[in-house]
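Read through the structure below, which is laid out as structure tokens, and then see the notes.
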């Protein structure tokens, strides 16, 4: 059995070796978002991973190796049967020196509450990269300062979503599991794509 310190050291050495809990936008709702991004974001400005293909908002990134997806599922189901969120305006994260992240801001008391509950419950089994939680839908990774005309764009503002399942991606994105939140849902279903 590895100690917490050993797990943290391993996770810090292997980029992306932390698990993530996400709320996916349904396929039907994601299509117009992806299409709009493809039509309105300059393709020559795309870098890194380019356009986001799986439209989602991250609930919590930073689950250390060894966190049990069944425990995450049980905890989420005990607190929420659904998660509601509303989209805001387009904005960007400019904290990376190599590129910007174009995103749609997300407003959600449910997401903020679930994020903080999970951080508190899992404690040292979560390693946080950014201390402040800013729910958002990533649209694309672009060259720094590119596409300034999209900042503040209100294309999706006011759209409301209700999610009744979450997706847990294991450290290193080796596997994804669907977590149904409704009482009749199976706690965990492996094999999610996207």
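Computed from the coordinates by the stated procedures, all read-outs in this text should not be read as laboratory data. Since the structure is predicted, the reported quantities are computational estimates derived from the model, not experimental observations. All Cβ positions, even for glycine, are placed from backbone atoms using ideal geometry, and neighbour counts span all protein chains on display.
Between 102, 117, 137, the residue with the greatest mean-square fluctuation in the GNM of the chain (Cα pairs under 10 Å linked by springs) is 117. Here the label points at residue 42 and residue 105, each 7 Å from Cα along the C-beta direction, are separated by 2.4 nm in the simple model. Rounded to two decimal places and with Rh computed the Kirkwood way over Cα pairs, what is Rg over Rh for the stretch 32-122? Dividing the radius of gyration by the Kirkwood radius yields 1.03. Label zone of residue 129 (point 7 Å out along Cα→Cβ, amide N under 17 Å): in the stretch 54-73 this covers 54-65.
I want to verify a result. In a Gaussian network model of the chain, Cα cutoff 10 Å, which of these has the top mean-square fluctuation: 42, 20, 96? Largest GNM mean-square fluctuation: 96.
Largest mean-square fluctuation among 25, 160, 101, in a Gaussian network model of the chain whose springs join Cα atoms under 10 Å apart, belongs to 160. Full-extension gain between residue 173 and residue 74, please, as 0.36 nm times their residue separation minus the C-alpha to C-alpha distance. Taking residue 173 through residue 74 to full extension adds about 33.6 nm, to one decimal. From helices alone, the chain scores -8000 deg cm²/dmol at 222 nm; the rule is -39500 (n - 2.57) for each run of n ≥ 4 DSSP H residues, then divide by the residue total. Cα extents for the stretch 15-186 along the principal axes, largest to smallest and rounded to whole angstrom: 43, 32, 25. Legend: calculated FRET efficiency, residue 143 to residue 119, from the Cβ-Cβ distance at R0 = 35 Å, rounded to 0.05, equals 0.60. Using a cutoff of 8 angstrom between alpha carbon atoms and counting only pairs six or more residues apart, the relative contact order for the stretch 15-186 works out to 36 percent.
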